[in-house]
Amino acid sequence: MLKRILTALALVGMVAAGTAHAEAAKPDELIKQVSNEVIDTVKADKAIQGGDVKKIMALVDSKVLPHVNFRRMTASAVGRYWRQATPDQQQRLQDEFKVLLVRTYSGAIAQVRDQVVELKPMRSKAEDTEVIVRTEVKGKGDPIQLDYRLEKAGDAWKIYDVNVLGVWLVENYRNSFAQEISANGIDGLIAKLAERNKSAGTKS
């Protein structure tokens, strides 16, 4: 079950890696189109299939992050403590959180093979600036619920949270982050994330 969840989450990091013409698409069309493109890319890239963290990081930096409001994602995960953090601390939190997510799901990305993403009907209005796109990832085993919260920024849509099997990613991290900050402060959370990332790096 965990591997299936992580495999679905691998699409979270990769789903926004669209081409420029995809930016103006409707949010559900963007998710569908780019999901298919990403699956094809992973299937054709042996380095990604092998879990090459450096290559995955480079791919995320160049093609994913421009389509994700990662600052909002990090701020939401840190919660009320975000406003207490200095600009330097906010940037360090964002950097470490990005590395944490990429390293966490790098192994899952290598598992992506023949999954198919199916969209569920959207309930939104043309003037909405924030929407939820609901999908199912189908492959071996039971379908996996995978939903996205997106916001409109100009003509583009950006992902800022993801729901896997009823659990929103940001909310899940917010609880553990709050506990760490309460115990050791903002710098303590940064140090904890850096330690986890360094430990994961020695194993890759």
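The values are calculated or read from the model by the stated rules, or taken from the named source; none is laboratory data. Note that the structure is a prediction, hence the values are computed from the model and not measured. So basically every Cβ, Gly included, is an ideal-geometry build from the backbone, and we count neighbours across all protein chains shown.
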(Q) Considering only region 169-190, I want to know if a residue exists there that is closer than 24 Å to GLN33 by Cα, modelled with pLDDT under 90 and of a type outside the set (Asp, Glu). (A) yes
Q. In region 159-196, what count of residues is obtained for those that are more than 12 Å from VAL78 (Cβ to Cβ), in contact with a Lys or Arg (Cβ under 6 Å, 6 or more places away or on another chain) and either assigned to a helix (DSSP H, G or I) or among the acidic types (Asp, Glu) (or both)?
A. 1
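Yes/no per residue for (1) in contact (Cβ under 8 Å) with a residue 60 or more places away in the chain; (2) in a helix (DSSP H, G or I):
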position	(1), (2)
MET73	yes, yes
VAL78	yes, yes
TRP82	no, yes
GLU96	yes, yes
VAL102	yes, yes
VAL133	yes, no
VAL137	yes, no
LEU150	yes, no
**Q.** Residues of region 160-184 satisfying the condition of being surrounded by 15 or more Cβ atoms within 10 Å (Cβ to Cβ), farther than 23 Å from LEU65 by Cβ and out of contact with any Phe, Trp or Tyr (no Cβ under 8 Å at 6 or more places or on another chain)
**A.** GLU180
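Within region 109-119, can one find any residue that is modelled with pLDDT of 75 or more, part of a loop (DSSP other than H, G, I, E, B) and exposed (fewer than 14 other Cβ atoms within 10 Å of the Cβ)? Before you say what the answer is, go through the steps one by one.
Here is the first cut: in region 109-119, the ones modelled with pLDDT of 75 or more are 115-119.
Narrowing further to those that are part of a loop (DSSP other than H, G, I, E, B): 115.
Imposing the further condition that a residue be exposed (fewer than 14 other Cβ atoms within 10 Å of the Cβ) reduces the set to none.
For region 109-119, residues modelled with pLDDT of 75 or more, part of a loop (DSSP other than H, G, I, E, B) and exposed (fewer than 14 other Cβ atoms within 10 Å of the Cβ): absent.
Would it be correct to say that GLU127 is part of a strand (DSSP E or B), at pLDDT 85 or above and surrounded by fewer than 17 Cβ atoms within 10 Å (Cβ to Cβ)? Lay out the reasoning, then the answer.
Working: part of a strand (DSSP E or B): no; at pLDDT 85 or above: yes; surrounded by fewer than 17 Cβ atoms within 10 Å (Cβ to Cβ): yes.
For GLU127, the condition - part of a strand (DSSP E or B), at pLDDT 85 or above and surrounded by fewer than 17 Cβ atoms within 10 Å (Cβ to Cβ) - is not met.
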Q) Which of the residues belonging to region 49-76 are more than 12 Å from the chain's Cα centre (by Cα), of a type in the set (A, V, I, L, M), at pLDDT below 80 and surrounded by 15 or more Cβ atoms within 10 Å (Cβ to Cβ)? A) VAL53, ILE56, MET57, LEU59
